[in-house]
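First the structure, in the form of structure tokens, and then the observations on it.
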Amino acid sequence: MRSALAAVYIMTNRNHTVLYTGVTSDLETRVYEHRMKRDRSAFTTRYNLDKLVYIETTANIAAAIAREKQIKGWIRKRKVALIEAANPEWKDLSADWRL
């Protein structure tokens, strides 16, 4: 059986006050769904999280889920350090995508 790439990602809002960690096998589609606020009751919709600030790819979805759970268990300070190590300016990593 072939394993597919998966991604763990972190989204935030304009002021970086709320962080959301998620996992997907189709990052572009997932970011689009968050931005379009497809699920009105979703956490990302309620807190207007539409800025992708961190991406980490894994070899398969099981590894991505394990990593997502690990990151979700961290305190905010550690998540911020992870983001800033890869994206010190908190740029929207999907800004140039054709969503």
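Suppose a student asked you for the relative contact order of the chain, using Cα pairs under 8 Å spaced at least 6 residues apart; what percent would you report?
Averaging sequence separation for qualifying contacts and normalising by length gives 34 percent for the chain.
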Legend entry - the chain: equivalent-ellipsoid semi-axes (sqrt of 5 x gyration tensor eigenvalues, Cα, Å): 20, 17, 13
Legend entry - Calculated [θ] (222 nm, deg cm²/dmol) that DSSP helices of n ≥ 4 give over the chain, each run adding -39,500 (n - 2.57): -10500 deg cm²/dmol
Legend entry - Listed peptides 77-85, 5-13, 23-31 by packing density, highest first (mean Cβ within 10 Å): 5-13, 23-31, 77-85
Inset, instruction - May I ask for the net charge around THR12, where only other residues with Cβ less than 14 Å from the Cβ of THR12 are counted and Lys, Arg are +1 while Asp, Glu are -1? - result: +3
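Taking loop as defined by DSSP and a crowding limit of 15 other beta carbons within 10 Å, which chymotrypsin sites (Phe, Trp or Tyr not before Pro) in region 31-72 fit?
TYR47
Rounded if a/c is under 1.5, else prolate if a/b beats b/c, else oblate: with a ≥ b ≥ c from the C-alpha gyration tensor eigenvalues square-rooted, which is region 43-95?
Rounded, because the longest to shortest axis ratio a/c is under 1.5.
Laboratory data are not the source of any read-out in this text; all were calculated from the coordinates shown. The structure displayed is predicted, hence computed values, not measured ones. Counting neighbours? That spans all protein chains shown, and the Cβs are built from the backbone with ideal geometry, glycine included.
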